[in-house]
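The values are calculated or read from the model by the stated rules, or taken from the named source; none is laboratory data. No experiment lies behind these values; they were computed from the predicted model shown. Positions of Cβ are generated from backbone atoms using ideal geometry, with glycine treated the same way; all protein chains shown enter the neighbour counts.
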Amino acid sequence: MKKILTIFFIFIILNMMVVTAYGIEPEDLQSRSAILINADDGRILFEKNANDKMQPASITKIMLMVLISERMADGQITLDQEMTISENAAGMGGSQIYLEAYEVQTVENMLKAISMRSANDASVAMAEFMYGSEESCVKAMNEKAKELGMKDTVFTNVTGLPDPEHLTTANDIAIMTRELLKYNYMDEYMLTWMDSVFVGKEKDSEQVLVNTNRLINNYNGLLAGKTGYTTEAKYCLSAAARRNDTTLIAVVLGCDNTKIRFDEVTKLLNEGFANYKNIVFHKAGDTITTSPVYCGKEETINIVSKENINYFTESNCKPEDFNLEYVIDENLKAPLNVDKKIGRAILSKDGRVLGEFELYPGANVEKENLFKFFINNFLKTTIR
């Protein structure tokens, strides 16, 4: 009986985690593998063979973009930094911008080339610039994949050029796309339709860059996207879009032609936005409520959450359908630091708790001089 109950509860939990988007069934899609997720919490809304291991072609470069973004965020690299292109990078085949060995290029030009033309030579150049070699960068990519919980991914190169051991899944691609959305260093280039860079030792050759992702001009709310194609992988696409407070990620792999990949990602995103929404009750950093504080230079403090207090639900739900309760620690006493948890917000609906969010002081509160504290309190009680 205990075993039966365990299986039953596991079944219930799995069904709560995966919710099929209305109007789409796996057989409706021509792509071999597909997934649609809520970018905020990773909740799966639709999947088709989402854990099948496949070659991802240039979608691989999303992980390279993640590593670039991390280094941009911590100041290790900047857009105006220069690098000397190696013979190895210049010799990459496939999609490229025809870099010459020993020419000097900037980080920004390489980011443009990677994001827009999916240039293999620029990708290897950035890998070598950051890690000293492509092999070291591949190691970092695999370590990051493991850190993110991408259990079915093995990278063997930074470009996505064909290799039978270079494999990932639609589910894992959605995870690394979600990670890329934490940063904004690549956004401008991923959403630029046309640009150019000058290459060669004399910078006498202009390479016009036309973005491989045609959703840029055709999908409202597009945030990011990366295409991929090889004969082995066929046509692939990962794309993220935001409308109002809702952000979705759709991935399709193994499409027979480029039209199918764009049509099916569009279909997945449209169904998601039509049937689901993210209700934001309070945004990160907004003042939620106030509370008295004792022995402090301020008598009251603003209370905030460091994350959005939100809930992803079906589109027919309204904010007033939910209940939000604040439980604040009693007798708060200075000093208080912005990193000290002082309470929680409890979100519920129909008596069922949906989530809890930690609450913090909106600013540091210093301790008041004890003499001033007692004098002030004495005056308040004696002067009416």
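Remarks
- Listed conditions (1) in contact with a helix residue (DSSP H, G or I) (Cβ under 6 Å, 6 or more places away or on another chain); (2) closer than 30 Å to Phe273 by Cα; (3) modelled with pLDDT of 95 or more are all met by Ala101, apart from (2).
- Of everything in the stretch 118-133 that is buried (at least 22 other Cβ atoms within 10 Å of the Cβ) and touching a Ser or Thr at 6+ places or on another chain (Cβ under 8 Å), the residue that is nearest to Thr177 (Cα to Cα) is Ser118.
- Test: residue in the stretch 220-229 that is in contact (Cβ under 8 Å) with a residue 60 or more places away in the chain, under 30 Å from Ala345 (Cβ atoms) and either among the acidic types (Asp, Glu) or in contact with a helix residue (DSSP H, G or I) (Cβ under 7 Å, 6 or more places away or on another chain) (or both): no
- Flag if Leu167 is touching a strand residue (DSSP E or B) at 6+ places or on another chain (Cβ under 6 Å), more than 24 Å from Cys137 (Cβ to Cβ) and either buried (at least 24 other Cβ atoms within 10 Å of the Cβ) or at pLDDT 95 or above (or both): no
- Residue that is farthest from Lys61 (Cα to Cα) [pool: residues in the stretch 177-219 that are of a type in the set (Ser, Thr, Tyr) and touching a helix residue (DSSP H, G or I) at 6+ places or on another chain (Cβ under 9 Å)]: Tyr219
- For the residues Gly75, Gly91, the requirement of being assigned by TED's automatic domain parsing to the domain that holds Ile249 and farther than 22 Å from Asp204 by Cα singles out Gly75.
- Screening Met110 on (1) part of a loop (DSSP other than H, G, I, E, B); (2) free of Cβ contacts under 8 Å to residues at least 60 places away in the same chain; (3) surrounded by 18 or more Cβ atoms within 10 Å (Cβ to Cβ) shows it passes everything except condition (1).
- Of all residues in the stretch 31-61 being farther than 16 Å from Leu248 by Cβ and among the β-branched types (Val, Ile, Thr), the one that is surrounded by the fewest Cβ atoms within 10 Å (Cβ to Cβ): Ile59
- Residues in the stretch 55-75 that are in a loop (DSSP other than H, G, I, E, B) and in contact (Cβ under 8 Å) with a residue 40 or more places away in the chain were compared, and the one that is nearest to Gly228 (Cα to Cα) is Pro56.
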